[in-house]
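This report refers to the structure that appears directly beneath it.
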Amino acid sequence: MKKGFKVVVLSLVLVLFAATLAGCGLKSPTPAEAPAPTLAETPAPAETPAPVEPAVTLVYAEVNPLDTIVGKVDTFYKEKVEELSGGSIIIDVQASGVLGSENDVLDTMLGGGGTIDMSRISAFALTSYGGEKSKLLSIPFTFVSREHFWNFATSDLAPEFLLEPQENGSGVRGLFYGEEGFRHFFTVDPISDIEDLKGMKLRVSNDPVMNGMVEGIGASPTVVSFGELYSALQTGVVDGAEQPIANYKSNGFQEVAPNLILDGHTLGAIQVIITDEAWDKLTEEQQNVLVEAGKLASEFNRQISEEAENKVLEELKADGINVVEVEDITPWQEAVKGVIESSTANNKELYQQIVDMK
């Protein structure tokens, strides 16, 4: 075969091969074309952000409305917890007793089940659940002033008292203390002194110290749920009751019991508690947030309590409520001397430490 003919045939073969490549969507490499990148040179795909953990929601029970001293403390605490936790903890405050009375709430919390995680309670509410130390905070005429109470609440004794229910196996622990003002008696019928309370049916919570105090002044202690107290006063089931001034007005008790005697038999010590079940599901950082927010809420409580109480008292007087000042507290102290001695008999030294903090 002649050389020229071979060249022509070879050229035709190359043309057909190139056409075949093009028809298949392939491209023959050229010297100028860069080689495919190696695995090491391939850019890594963008990282998928880690999923955000859902916030922990803690259901918080409050028997009083949010416009009371304790209600304002609840709101402040909620805001601080959510702020300091970066939104990882949500406090769901259920106020105005929608979850039941303090005893109802405590029964639910101590019984387990997780439907109520936290609550603001009266410190003495734990007395009926084995709180021997808590009982000391409800003894009549223990605290002579608000300053006296705060000396205790900020002392080294306070944490010991707060952790008592957790240590005795109740299943809850205290986070911080506060106060809602001194507690006073109020009645349906007019009163002027301690003698007028004799023979009256006075509502109390189911607490041995409060029962003993009412018996000491010659009245009849009558257990009525807080949520039923308004109607009990209205219908004559009870003749009177006792509450801090702000709670008295906010719950409308002055409408059915417009006589308030300022005996100040007990300072309304309060505390915020959480179930061990709820506490244990939090991270250590979240637990620290609850404690730190509690310190801030306690200080907030201290700042607003007296001013708020004085404002409410002036409003009650302006509304024509019969507000009776007690000039001499001695007859009241003498009347309840027996319950003071019997209630402190097992913790005399500890109780004396509290008394000496004034």
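Just checking, does the stretch 273-292 include any residue being farther than 30 Å from D107 by Cβ, in a loop (DSSP other than H, G, I, E, B) and either aromatic (F, W, Y) or at pLDDT 95 or above (or both)?
no
Name the single residue, out of those in the stretch 240-279 being over 30 Å from L175 (Cα atoms) and of a type in the set (S, T, N, Q), that is nearest to the chain's Cα centre (by Cα).
Q254
Pairs needed: first member in the stretch 342-358, surrounded by fewer than 15 Cβ atoms within 10 Å (Cβ to Cβ); second member anywhere, assigned to a helix (DSSP H, G or I) and of a type in the set (K, R); C-beta distance under 6 Å; at least 6 residues apart or different chains.
none
Those residues that are of a type in the set (V, I, T) and more than 22 Å from the chain's Cα centre (by Cα), I need them from the stretch 291-329; list them, please.
V312, I321, V323, V324, V326, I329
Restricting to the stretch 210-231, what's the tally of residues that are over 24 Å from the mean Cα position of the chain (by Cα), touching a residue at least 24 places away in the same chain (Cβ under 8 Å) and either under 25 Å from S145 (Cα atoms) or in a loop (DSSP other than H, G, I, E, B) (or both)?
Qualifying residue count, the stretch 210-231: 6.
It is to be established whether one or more residues within the stretch 228-237 are of a type in the set (D, E), open to solvent by 30 Å² or more (accessible area, probe 1.4 Å) and more than 17 Å from F185 (Cβ to Cβ).
The answer is yes; a qualifying residue exists.
The values are calculated or read from the model by the stated rules, or taken from the named source; none is laboratory data. For clarity, every value in this text was computed on a predicted model and none was experimentally measured. Cβ: placed from backbone, ideal geometry, glycine included. Neighbour counts: every protein chain shown. All accessible areas refer to the heavy atoms of the entire protein, side chains included, with ligands and DNA or RNA removed. Shrake-Rupley method; radii C 1.70, N 1.55, O 1.52, S 1.80 Å.
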